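Structure first, then comments.
The values are calculated or read from the model by the stated rules, or taken from the named source; none is laboratory data. A quick note: this is a predicted structure, and the numbers were derived from the prediction, not measured. Note that we place each Cβ from the backbone using ideal geometry, even for glycine, and neighbour counts take in every protein chain shown.
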Amino acid sequence: MVARAALGNGSMPPSPSTELQCLFLSDVSNVGQRTPLLLGFFNYFERHLPHVGFFEPIAAEALATSELKIDRHVELVYKVFNMKGDARHMTGVQDAEAARMIANGQNSDLLDRIYSAYVMYKEDKDIVIVEGPGPLVGGTELDAQIAAALGAPVLMTMTGSLAAAPCQNTHAFPLLPPRPFPTQIAAALGAPVLMTMTGSLAAAPCQNTHAFPLLPPRPLPTQIAAALGAPVLMTMTGQPNLTVADYFNRAMVKRQIFLDHHVDVLGIVLNGIPRASHAIMTAQLRDRFAQAGLPFAGAIPSDNLLRTVRLDEVQTGLGAARLYGDQLLTDVEFDDIIVACQRLEELLEILAERPAGRPLVVTSADRLDIVLGLLAAQLSVSGPGVAGVLLTQAGSSRTGRNYARDTIDRIFAGLMQSGLYKGSLLPVLSTDMPLREALARLGSLDAAILPSSQRKITQCKRLFEQYVDANAVVAGLQAVKPTRMTPKMFMHTLKSMCRATPQHIVLPESEDKRVLAAAAEVTARGLAKITLLGEQTTILAEAKKLGLDLSGCNIHNPQRSDRFEKYVDMLVAARSKKGMTRDVAADTLNGDVNFYATMMVAAGDADGMVSGAIHTTASTIRPALQVLKSSEAPLVSSIFFLCLPDRLVVYGDCAVNVNPSAADLAQIAITSADTAEAFGIEPLVAMLSYSTLGSGAGPDVQKVAEAVAIVKKRRPDIKVEGPIQYDAAIDPKVAAVKVQGESEVAGKATIFIFPDLNTGNNTYKAVQQSTGAIAMGPVMQGLLKPVNDLSRGCTVPDIINTICVTSIQASRLSRPVVFNYHQDHPSAPSHAAAAAMATIAANAEKAAALASVERIALTPGLLPPKQRPDRSTDGSDKGGAARASRSTDGGAAPSKPVRSTDGGDKPAAAAPPAPAPTPSA
């Protein structure tokens, strides 16, 4: 993408050195009058960048007169700047649908849909201007959530008006969640809440009046900003009764909301500051914001032209038709409304008393004498001036009568064709509303800017160039360097990678309805190919009860498989040195569906396995440790992806190794870093301890220090820090105090390596339960092919996510996979695949071949680690076989006791001995 080093209001060319991807405009005053700023910024960027986009996360309902049938602001930008393509791609979710999802508690799904739509739209754009939906729905919190998901910095805006508005926050949906502070107060008091709503006889344009304008607004807009990962530019609305302190305090409160969601705030720009006090207030605000460290981009003064309601806005607001007159004349303002119920001569007398006025004359459709009289007056250079005429419904209905309209039509047409009159004809609009209703609607119209409002659009651009320092905004935008991946980014990337190369995943627990539901959704969305193990009739009957479509899934019955004997032979070959016999192998595969599924993976008949919804962690991963363990990577470990509200982090090892040595910790750190990088996460590794860089001492601290030294020696390309405490690893402010000197990891770590299983397992559960974070895992590392475990308390989305992770792990193996099964009638097996698997028992050649595969974003642990010239020779990665106790009963167990990771409710295996690594030939 093209960007520029320093965009100016002039014609400085862009610089390709920096990417400008997204700018999020958030109206923190929630009035919604930010069109001048929107048009100004778009006009500014369009002069310097070839591909500028505009995106509306939550789109309002289209106006009745909309040609494109889309949100008003989207249509305005699309037409004013002659944009190409489908304008519908410039929106995320319609407001009505967003309100329904919020009311149903589907905030996360709403953010997912917004982010997916944004990613599709921004592909060929140099920069996308995103308009936060705060004034429409949700307020500043939703803006922040969206911006964080987009990875865009925020520019706050405030808008002013000449008259103080009694309602500081206009929301279209009164049922949406209220502001957080009152909710927090009620929670702090432990008090039950009785919700109240106030109605009125007349519909008010403001649906939600708040008594405390300084309190943070509704939560969802901040969440949208956070979900999009977008930097935010705050906008504010000025009012004549507000002081400099009022503006400052409001802006700082709103800024803190964005900071709480870890959203970058580019600065603030104000719109509509009363012109009389504009100069002095701008100077004082600039000083106050500078002292607080909030960049001030400028303030646009109130403008008479932008505040006027024009004929095109009347036409749009009342759904009126234009009967006569030049379309250009509807882009004119009127300064008064005169109801013409009197005789024509009396009306002309009233107009004569105001020779400089330009009123809109409103009368009923049966008073065409007034139309003709005003037309005649307009033909005279000395006649009274009229902006236009609005005809309303006459009586109960106009159907069946045209009130001599045909004659009037001929008069207007003939006048234009005669050539006797060279000027523009009087604009005449017509609405089906009764007179009283039309007048009420006129009284409630607010000044707007439509695609046809050319004079207002030109004025907006002029005011922006004169009063807003866009250079300062762009300088801040270029300074923003996103270093974290947000959960929405990760989930979108995860599913995109799965769709690109769908893998074949076997799910052995078909008796669980959650597994069936996940299988149906995964295949419907094209995320993976799925095989369910079990009896076809039983599975399909259960799916029918649940309303699930499993037509895209394979259903394979192990009891009737022609591959069974081949799997027995393969298992005997793999475990012969452990005393495995054919009878024991057959009993194992008959009685353990996880073992059968693992053999499918080992044979290449499936690319990966996901289980654990109804099985223990030990029974899920033990087969994989016995037949899929690599002799080149003797240590099997695990990681969890923790989707925190504002970022994605990796925890390891929280499921497998109970008390790893320094060498083990180093290996866990290395494989975790490579796995994270394969999933698009920048590896910044923190090796955790109760001491930060020598602040404490002890054998546990020394072990972590040794592990850090090993990592730096074996993999100098990995950014690692330790021993370090968790707070210093994740919080830049704490890191600045505890860590002396420069550190590439402290305060911004993405991977956290815990010193033992006790610490890691409890920490991930504490974070998950306390913050509501999504924990994906454990994701196993160090296996030839991926096998991953579920929690017994998993949900359908948890299973889908784990299938996606497993599928991406499997895709890193660059070998063809034989897809042999179709429903309950498997085709002839691939003997080549079976023969290949037979070498597992003597797999030195296979391991060497796999190790030679060039690692391009390769998930480590699925293949043996790549040989490196600087590989440690200090013995730190040796001794795996010596540490592993050996079993000779044909049923070897994990090298370390496997613990449950789902809350402790899985029965652990009875002190199983550890298996040796897969023997070499």
Looking at region 431-452, can you tell me whether even one residue there is surrounded by 14 or more Cβ atoms within 10 Å (Cβ to Cβ), at pLDDT 85 or above and not assigned by TED's automatic domain parsing to the domain that holds Glu346?
no
For region 551-590 the number of residues that are without any contact (Cβ under 8 Å) to a residue 60 or more places away in the chain, out of contact with any Lys or Arg (no Cβ under 9 Å at 6 or more places or on another chain) and within 20 Å of Val610 (Cβ to Cβ) is 3
Only unsatisfied item for Ala377, checking (1) buried (at least 19 other Cβ atoms within 10 Å of the Cβ); (2) part of a helix (DSSP H, G or I); (3) at pLDDT 80 or above, is (3)
Looking across region 601-636 at residues that are in contact with a Pro (Cβ under 6 Å, 6 or more places away or on another chain) and within 19 Å of Thr671 (Cβ to Cβ), the single one that is modelled with the lowest pLDDT is Ala633
Of Asp605, Asp653, the only residue that is crowded, with 24+ Cβ neighbours inside 10 Å, under 34 Å from the mean Cα position of the chain (by Cα) and touching a residue at least 40 places away in the same chain (Cβ under 8 Å) is Asp653
Of the conditions (1) under 28 Å from Phe45 (Cα atoms); (2) touching a residue at least 12 places away in the same chain (Cβ under 8 Å), the single one that Ala528 does not satisfy is (1)
Exactly one of Ala64, Ala59, Ala96 is of a type in the set (Gly, Ala, Ser) and closer than 17 Å to Met120 by Cβ, and that one is Ala59
In region 631-650, anything touching a strand residue (DSSP E or B) at 6+ places or on another chain (Cβ under 7 Å), hydroxyl-bearing (Ser, Thr, Tyr) and more than 16 Å from Ile803 (Cα to Cα) is listed as Ser637
Filter region 227-253 for residues that are surrounded by 24 or more Cβ atoms within 10 Å (Cβ to Cβ) and modelled with pLDDT of 75 or more; the one that is nearest to the chain's Cα centre (by Cα) is Val232
If you go through Ala573, Ala662, the only one that is aliphatic (A, V, I, L, M), surrounded by fewer than 22 Cβ atoms within 10 Å (Cβ to Cβ) and closer than 30 Å to Ala705 by Cα is Ala662
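Please verify whether Glu75 is under 18 Å from the mean Cα position of the chain (by Cα), modelled with pLDDT of 85 or more and of a type outside the set (Lys, Arg), treating the condition exactly as stated.
So Glu75 does not fit the description; no.
On the basis of being surrounded by fewer than 19 Cβ atoms within 10 Å (Cβ to Cβ), assigned to a helix (DSSP H, G or I), touching a Ser or Thr at 6+ places or on another chain (Cβ under 8 Å) and in the same structural domain as Asn761 (by TED's automatic domain parsing), does Asp674 make the cut?
Details: surrounded by fewer than 19 Cβ atoms within 10 Å (Cβ to Cβ): no; assigned to a helix (DSSP H, G or I): yes; touching a Ser or Thr at 6+ places or on another chain (Cβ under 8 Å): yes; in the same structural domain as Asn761 (by TED's automatic domain parsing): yes.
In short, no.
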Filtering region 747-773 for residues that are surrounded by fewer than 24 Cβ atoms within 10 Å (Cβ to Cβ), of a type in the set (Gly, Ala, Ser) and part of a loop (DSSP other than H, G, I, E, B) leaves a count of 3
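If you go through region 719-746, how many residues are of a type in the set (Ser, Thr, Tyr) and in a loop (DSSP other than H, G, I, E, B)? Working first, answer last.
Within region 719-746, the subset of a type in the set (Ser, Thr, Tyr) is 726, 743.
Remaining after also requiring in a loop (DSSP other than H, G, I, E, B): 743.
Adding up the residues that qualify gives 1.
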Among Arg88, Arg113, the single one that is out of contact with any helix residue (DSSP H, G or I) (no Cβ under 6 Å at 6 or more places or on another chain), under 18 Å from Pro451 (Cα atoms) and free of Cβ contacts under 8 Å to residues at least 60 places away in the same chain is Arg88
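Matching residues to (1) of a type outside the set (Gly, Ala, Ser); (2) part of a helix (DSSP H, G or I); (3) more than 18 Å from Thr486 (Cα to Cα); (4) modelled with pLDDT under 70:
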{"position": "Phe212", "(1), (2), (3), (4)": "yes, no, yes, yes"}
{"position": "Ala225", "(1), (2), (3), (4)": "no, yes, no, yes"}
{"position": "Gln256", "(1), (2), (3), (4)": "yes, yes, yes, no"}
{"position": "Leu259", "(1), (2), (3), (4)": "yes, yes, no, no"}
{"position": "Ser277", "(1), (2), (3), (4)": "no, yes, yes, no"}
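Have a look at Ala669, Ala655, Ala705 and point out the one that is touching a helix residue (DSSP H, G or I) at 6+ places or on another chain (Cβ under 9 Å), closer than 20 Å to Lys765 by Cβ and among the small types (Gly, Ala, Ser). So that I can check it myself, show each step before the final result.
Working: Ala669 fails: closer than 20 Å to Lys765 by Cβ; Ala705 fails: closer than 20 Å to Lys765 by Cβ.
One residue alone meets the criteria, Ala655.
Quick one: would you say Pro634 is over 18 Å from Gly534 (Cα atoms) and part of a loop (DSSP other than H, G, I, E, B)? Spell out the reasoning first.
Working: over 18 Å from Gly534 (Cα atoms): yes; part of a loop (DSSP other than H, G, I, E, B): yes.
Against the criterion (over 18 Å from Gly534 (Cα atoms) and part of a loop (DSSP other than H, G, I, E, B)), Pro634 qualifies.
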Inspect all residues belonging to region 464-476 and state whether any of them is aliphatic (A, V, I, L, M), in contact with a strand residue (DSSP E or B) (Cβ under 7 Å, 6 or more places away or on another chain) and in the same structural domain as Asp798 (by TED's automatic domain parsing).
no
Picking from Ala352, Ala356, the residue that is surrounded by fewer than 21 Cβ atoms within 10 Å (Cβ to Cβ) and modelled with pLDDT under 80 would be Ala356
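Here's a check for you: in region 558-576, which residue that is charged (D, E, K, R) and not in a helix (DSSP H, G or I) is nearest to the chain's Cα centre (by Cα)? Quick ask: steps written out before the conclusion?
Here is the first cut: in region 558-576, the residues charged (D, E, K, R) are 560, 562-563, 565-566, 569, 575.
After this cut, where a residue has to be not in a helix (DSSP H, G or I) as well, the list is 562-563.
Numbers: Asp562: 47, Arg563: 44 Å.
It comes out as Arg563.
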Inside region 608-629, the number of residues satisfying the requirement of being part of a loop (DSSP other than H, G, I, E, B) and surrounded by 24 or more Cβ atoms within 10 Å (Cβ to Cβ) is 3
Scanning region 92-117 residue by residue, those touching a Phe, Trp or Tyr at 6+ places or on another chain (Cβ under 6 Å) and at pLDDT 85 or above turn out to be none
Of (1) at pLDDT 90 or above; (2) buried (at least 24 other Cβ atoms within 10 Å of the Cβ); (3) more than 27 Å from Val701 (Cα to Cα), Ala669 satisfies every one except (3)
The lone condition Leu323 fails out of (1) in a strand (DSSP E or B); (2) touching a helix residue (DSSP H, G or I) at 6+ places or on another chain (Cβ under 6 Å) is (2)
